[in-house]
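These notes concern the structure reproduced below.
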Amino acid sequence: SVGDSLDSIQAGVCCAVDNFGPMDFELFEAEWDAFRGEPNDRKGYWKFQGISSWPEDLSQIRRASPLSYMGPDTPPIFVAHGAKDAQVSITQSKALVERLEAHKVPH
């Protein structure tokens, strides 16, 4: 049958692209006022993470951060970030590159 041959196909991610995305939500929060130049209502940002206020226990924030899942088995990632990005600090992409380099993941 047609489906029999599908068992031999490897499934998984072979590469990825990061285009200026927040990678470390804890760092994102810490930099928010300085980067944006003004205090901002973070309720929309927190709502994205399913929380109503910044928690004292940061385990939920760390679990939600893509950077937490980067390791030696991470596929190659192409990283792009504009130097004049006014929404997400370039430190997010730099943190990703540092993590990828630490695990010798091509980027």
Scanning region 40-55 residue by residue, the ones that are in a loop (DSSP other than H, G, I, E, B), modelled with pLDDT under 65 and open to solvent by 90 Å² or more (accessible area, probe 1.4 Å) total 1
Is one or more of the residues making up region 16-39 at pLDDT below 80, part of a loop (DSSP other than H, G, I, E, B), open to solvent by 40 Å² or more (accessible area, probe 1.4 Å) and over 30 Å from HIS107 (Cβ atoms)? yes
Mind checking whether some residue in region 56-77 is at negative phi, modelled with pLDDT of 85 or more, surrounded by fewer than 11 Cβ atoms within 10 Å (Cβ to Cβ) and not in a helix (DSSP H, G or I)? yes
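The values are calculated or read from the model by the stated rules, or taken from the named source; none is laboratory data. This structure is a prediction, so every number in the text was calculated from the model and none was measured. Positions of Cβ are generated from backbone atoms using ideal geometry, with glycine treated the same way; all protein chains shown enter the neighbour counts. Please note that ligands, DNA and RNA were not included when accessible areas were found on the heavy atoms of the full protein model with its side chains. Shrake-Rupley method; radii C 1.70, N 1.55, O 1.52, S 1.80 Å.
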